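The values are calculated or read from the model by the stated rules, or taken from the named source; none is laboratory data. Predicted, not measured: the structure shown is a model, and the values here were computed from it. In this analysis, Cβ positions are derived from the backbone assuming ideal geometry, glycine residues included, and neighbour counts consider all displayed protein chains. Each accessible area value is taken on the protein alone, full model and side chains, heavy atoms only, with ligands, DNA and RNA left out. Shrake-Rupley method; radii C 1.70, N 1.55, O 1.52, S 1.80 Å.
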Amino acid sequence: MKKILCFVLAVAAVLSVLSLTSCKKDNGAPEGMQPLRCGSEYGYNLYAPEEWTISCYGEIAAAYVSKLDGTSITFVKADMPTVTLDEYFDSEMARLPFAVSVGIRNEKTAFGNAPEAYKFTYTYEYSEAEVGVMQIFVKNGEDFYIFTYTSGLKDKGDGTSYYESYLEKVASVIGSFEFIEKNGEASTPTYETDDRGYILASDKKICGFTMYVPSEYRVDYSSGMVSVSREDGTSINVSKATYTNVEKETYWEHRLGEIEKLADKTTDASGNEVTTVKEIATLVDVTDEVFGGEGGISIKWAYAFEYSYSLGGVEYRVYQVLIRKNFNGYVFTYTAEANSFDTHIDEAKSVLSEIKF
């Protein structure tokens, strides 16, 4: 998941001085801010509001307001897209297990002293609450980064939403960001591992489940939703289900409708525009197959859906499982390009079968 050129040659000398600044609270942190992830090993200095809680996880620099207020910011280095930013954004949105409503799309903006930055905003419903997201794609030479601000759209009681109330602080985070000279490679992120060498990709206190994945996966996002991916673009994400008050058949209908809004369209023999979304298998009971029935985790049921769609001319195939555990619902989504879907599907099912909700 995710601005205008911000400086001119006249300030180049100032920036070269700033690049030598360390990231300690008593040595250069802006007023009201604290170091989030800084230093020459990363090649940038990123600060967060001083009253927020730092929660970095592996490659992801993150901070959130409090346990009672999940408003958060994250910053992570990603692979440079090989397609346009609009195509990249749409492909990432299609991987999400819920519908999004896009606001700002590909707007040039400022991000500290970054030479290029582009903003997208969108909203979605999660656990029956409306959420707002600002995502900024940052380019610095051959490097590509994603900044994400997420907050609820619920009114705080004073006529403003949580999302709106923190925009000034987020502007301070963005404005104080600085790329600095990079010396060497950033330290390798460390994760808790099990006896197989699988890495822990989730924090159960935040998302409600524990998920280990093979070390070949990179943790792209780990908060209320967890998303991991392989180098070939294959991805797995798990989150609480939206539409928790509907039946699984209705949930599936919603999902098809959401994907059809994003997917490519094609023309049939009659010249009519039709969707590229294709149903492969729907409402398959996998409770015993995946979770081992009575011997597995205590869940009420699990139903799988499989479908494919084209986006930007590329065909993707998806294996999605809706899981009911007590009063909570969860969605597991495995996505891969159609020609590589079979390569990792058994591995994905193995990951799913060992998730502890």
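So the values come out like this:
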quantity: LYS108 vs. criteria open to solvent by 40 Å² or more (accessible area, probe 1.4 Å), more than 17 Å from the chain's Cα centre (by Cα) and not hydrophobic (A, V, I, L, M, F, W, C); calculated: yes
quantity: Filtered residue count, the stretch 218-233, keeping only those that are modelled with pLDDT under 85 and hydrophobic (A, V, I, L, M, F, W, C); calculated: 1
quantity: Residue, most open to solvent (accessible area, probe 1.4 Å), within the stretch 275-290, restricted to residues that are over 16 Å from GLY313 (Cβ atoms) and not charged (D, E, K, R); calculated: ILE280
quantity: Meets criteria (assigned to a strand (DSSP E or B), in contact with a Gly (Cβ under 8 Å, 6 or more places away or on another chain), open to solvent by 50 Å² or more (accessible area, probe 1.4 Å) and modelled with pLDDT under 90) for GLU125; calculated: no
quantity: Strands (runs of 3 or more DSSP E) contained entirely in the stretch 29-102, each with at least 3 residues that are within 18 Å of the chain's Cα centre (by Cα); calculated: 61-64, 72-78, 100-102
quantity: Failed criterion for ALA114 (all others in (1) aliphatic (A, V, I, L, M); (2) at pLDDT below 95; (3) surrounded by 17 or more Cβ atoms within 10 Å (Cβ to Cβ) hold); calculated: (2)
quantity: TYR251 being open to solvent by less than 50 Å² (accessible area, probe 1.4 Å) and either farther than 20 Å from TYR88 by Cα or of a type in the set (A, V, I, L, M) (or both); calculated: yes
quantity: Residues located in the stretch 103-113, provided they are more than 30 Å from TYR319 (Cβ to Cβ) and in a loop (DSSP other than H, G, I, E, B); calculated: GLY103, ILE104, ASN106, THR109, ALA110, PHE111, GLY112, ASN113
quantity: Where VAL170 falls short, out of the listed (1) in a strand (DSSP E or B); (2) of a type outside the set (Gly, Ala, Ser); (3) surrounded by 15 or more Cβ atoms within 10 Å (Cβ to Cβ); calculated: (1)
quantity: Search result, residues across the stretch 318-347 that are in contact with a strand residue (DSSP E or B) (Cβ under 8 Å, 6 or more places away or on another chain), farther than 21 Å from ALA241 by Cβ and of a type in the set (D, E, K, R); calculated: GLU337
quantity: Selection from the stretch 317-357 of residues that are open to solvent by 50 Å² or more (accessible area, probe 1.4 Å) and either under 13 Å from VAL286 (Cβ atoms) or touching a helix residue (DSSP H, G or I) at 6+ places or on another chain (Cβ under 6 Å) (or both); calculated: ARG317, ARG324, LYS349
quantity: Test for GLU306: is it crowded, with 17+ Cβ neighbours inside 10 Å and more than 21 Å from MET211 (Cα to Cα); calculated: yes
quantity: Enumerated strands (runs of 3 or more DSSP E) restricted to the stretch 264-357, each holding at least 1 residues that are among the basic types (Lys, Arg); calculated: 265-267, 278-285, 314-325
quantity: Cβ pairs under 7 Å, 6+ apart, first in the stretch 168-184 and within 13 Å of ALA114 (Cα to Cα), second in a helix (DSSP H, G or I); calculated: GLU178/LEU18
quantity: Hits in the stretch 128-145 (condition: open to solvent by 10 Å² or more (accessible area, probe 1.4 Å) and within 14 Å of VAL173 (Cα to Cα)); calculated: MET134
